[in-house]
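Some notes on the structure that comes next.
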Amino acid sequence: MITQLNVYDATMARFKMIFDHFEYVYVSFSGGKDSGLLLNMAIEYIRKYAPGRRLGVFHMDYEIQYRHTTEYVQRTWEQNSDILDIYHCCIPFKVSTCTSMYQDFWRPWDPKMKDLWVRELPRNAYTEKDFSFYTQGQRDYDFQFLFATWLRVKKNYSNVCCLVGIRTQESINRWRTIHSDNNYRHWQGCKWTREIDKQVYNAYPIYDWETEDVWAAYGKFGWDYNRLYDLYWKSGIPLARQRVASPFISEAISYLGVYRAIDPDTWGKMISRVNGVNFSGMYGNTTAMGWRSINCPPGKTWKEYMYFLLDTLPDEIRNNYLSKLEVSRRFWRTKGGVLADETIQKLRDAGVRFTVGKDTSYKTNKKPVMMEYIDDIDIPEFREIPSYKRMCICILKNDHACKYMGFAITKKEKEMRERVMKKYKALKNGRI
């Protein structure tokens, strides 16, 4: 008789595979509920089934975070100091921000802004001086990516596995991380793993958990957790929107103002630390920043409104949006976006002119559609269609990367990452 494991037992089985094979394992720990769950389970596994082993904990400290998060992280480390190796990283890498029209990134622990730091630099923290691969142009996700290789080389481990607490329920992008058919190299065919460098893997052992499973585990096993979530709940923030992350990314803007009530001391310091925080805190959940239903000014088209908004921006920021717009226009004219048959019929019903192609390089049953930008369209699939209203929403959200429109990492950013990787590999091999 075949029995199906519950998510807890399935994760423990995945842990056994990981700890049996990899010489060193560490957890990427943000202080949120998912990474906290993963860390608690890994600690429990070691204490029960792998005594004598040590567990690494990688924490990227963004300087500006809730006091409850800082306290939870410290409690967890102190309670398990006998088996944990702590990598507390306070690095001035670039971090995306959607609070400002005038800047698309900020730097935690920026030495030039030391007088305005929200907190003192933690004792025993790793700084940029500890990492040979760090560069001024580095983004936080690049640092996270390169840290794993640095750790394997620094400690001379034969192989390393980083445990990451993402769940497919959280977003379509996280679902794709696990289920994408792209030609990623997986460890022993396990789709919940991904090779990120030679003998270095990411593993996502709680990918199939749901939010209710996470909180049920905390309750059942009595694990400590970030008390910030209690305050989120009391503030009326739904479970699906309760996040512990950089407070200035797009997903966090609508609840940025909650900082003012939950952690007023931090709020008082952060409004002078990053441009646009106070405005975003007041209007982040309103039409002023592209949330809820926005309206075009009377007598203007969305295209005209877009150019009006662009004229209010500094040259560098305006040119960034115009570059994104041109890339998107060219894409829809030549390659086309893939749309479902139902969406294509809705375009026909709305009188939109377009051409349907036969073949697409994407692995999908949807069809490629070539078309020009339109002003607006009132259909549920609005975000999938190239329109000037969609571009206006990106500008109002301060979405400099245009994630709302589906943009991924740019060619320039890819080239920068490749240059960093080449430089680090040269360092690693002793050629520099």
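Does residue 366 count as surrounded by 13 or more Cβ atoms within 10 Å (Cβ to Cβ), more than 19 Å from residue 296 (Cα to Cα), outside the structural domain of residue 179 (by TED's automatic domain parsing) and modelled with pLDDT under 90?
Details: surrounded by 13 or more Cβ atoms within 10 Å (Cβ to Cβ): yes; more than 19 Å from residue 296 (Cα to Cα): yes; outside the structural domain of residue 179 (by TED's automatic domain parsing): yes; modelled with pLDDT under 90: yes.
Yes.
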* **Pairs with Cβ under 8 Å, 6+ apart, first in the stretch 223-244 and over 16 Å from residue 263 (Cα atoms), second surrounded by fewer than 12 Cβ atoms within 10 Å (Cβ to Cβ)** => 224/79
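When you go through 33, 16 one by one, which is the residue that is without any contact (Cβ under 8 Å) to a residue 60 or more places away in the chain and assigned by TED's automatic domain parsing to the domain that holds residue 160? Please lay out each step first, then the result.
Numbers: 33 fails: without any contact (Cβ under 8 Å) to a residue 60 or more places away in the chain.
Going through 33, 16 in turn, the sole match is 16.
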* To do: Go through the stretch 16-40 and give me each residue that's surrounded by fewer than 22 Cβ atoms within 10 Å (Cβ to Cβ) and closer than 13 Å to residue 206 by Cβ.
  => 18, 32, 34, 40
* Pairs with Cβ under 8 Å, 6+ apart, first in the stretch 194-222 and touching a residue at least 12 places away in the same chain (Cβ under 8 Å) and over 22 Å from residue 25 (Cα atoms), second among the hydroxyl-bearing types (Ser, Thr, Tyr) and assigned to a loop (DSSP other than H, G, I, E, B) -> 218/225
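Can you list the strands (runs of 3 or more DSSP E) found entirely within the stretch 113-227 that contain at least 3 residues being of a type in the set (D, E, K, R) and at pLDDT below 95?
193-197
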* To do: Determine whether the stretch 23-33 contains at least one residue that is part of a helix (DSSP H, G or I) and either at pLDDT below 95 or over 17 Å from residue 188 (Cα atoms) (or both).
  => yes
* Asked: Out of the stretch 40-83, which residues are of a type outside the set (Val, Ile, Thr), in a strand (DSSP E or B) and free of Cβ contacts under 8 Å to residues at least 40 places away in the same chain?
  -> 55, 59
* To do: Run residue 174 past the list (1) surrounded by fewer than 19 Cβ atoms within 10 Å (Cβ to Cβ); (2) touching a helix residue (DSSP H, G or I) at 6+ places or on another chain (Cβ under 8 Å); (3) not acidic (Asp, Glu) and report the number of the one that doesn't hold.
  => (2)
* Do you know which residues across the stretch 384-406 are farther than 28 Å from residue 341 by Cβ and of a type in the set (Gly, Ala, Ser)? -> 401
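Quick one: would you say residue 352 is part of a strand (DSSP E or B), at pLDDT 90 or above and either assigned by TED's automatic domain parsing to the domain that holds residue 308 or surrounded by 14 or more Cβ atoms within 10 Å (Cβ to Cβ) (or both)? Before the answer, list the steps.
Values: part of a strand (DSSP E or B): no; at pLDDT 90 or above: yes; either assigned by TED's automatic domain parsing to the domain that holds residue 308 or surrounded by 14 or more Cβ atoms within 10 Å (Cβ to Cβ) (or both): yes.
No, not satisfied.
Which is in the same structural domain as residue 207 (by TED's automatic domain parsing), buried (at least 20 other Cβ atoms within 10 Å of the Cβ) and touching a residue at least 60 places away in the same chain (Cβ under 8 Å), of 135, 149? Walk me through how you get there before you give the answer.
On the way: 135 fails: buried (at least 20 other Cβ atoms within 10 Å of the Cβ).
Exactly one residue qualifies, and that residue is 149.
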* Asked: Looking at the stretch 138-164, which of its residues are touching a helix residue (DSSP H, G or I) at 6+ places or on another chain (Cβ under 6 Å) and not hydrophobic (A, V, I, L, M, F, W, C)?
  -> 142
* Asked: Out of 238, 298, 264, 314, which single residue is at pLDDT 70 or above and within 24 Å of residue 93 (Cα to Cα)?
  -> 314
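The values are calculated or read from the model by the stated rules, or taken from the named source; none is laboratory data. Owing to the predicted nature of the structure, the values given are computational and were not obtained by experimental measurement. Neighbour counts are summed over all protein chains in view; Cβ atoms, including those assigned to glycine, are modelled from backbone coordinates with ideal geometry.
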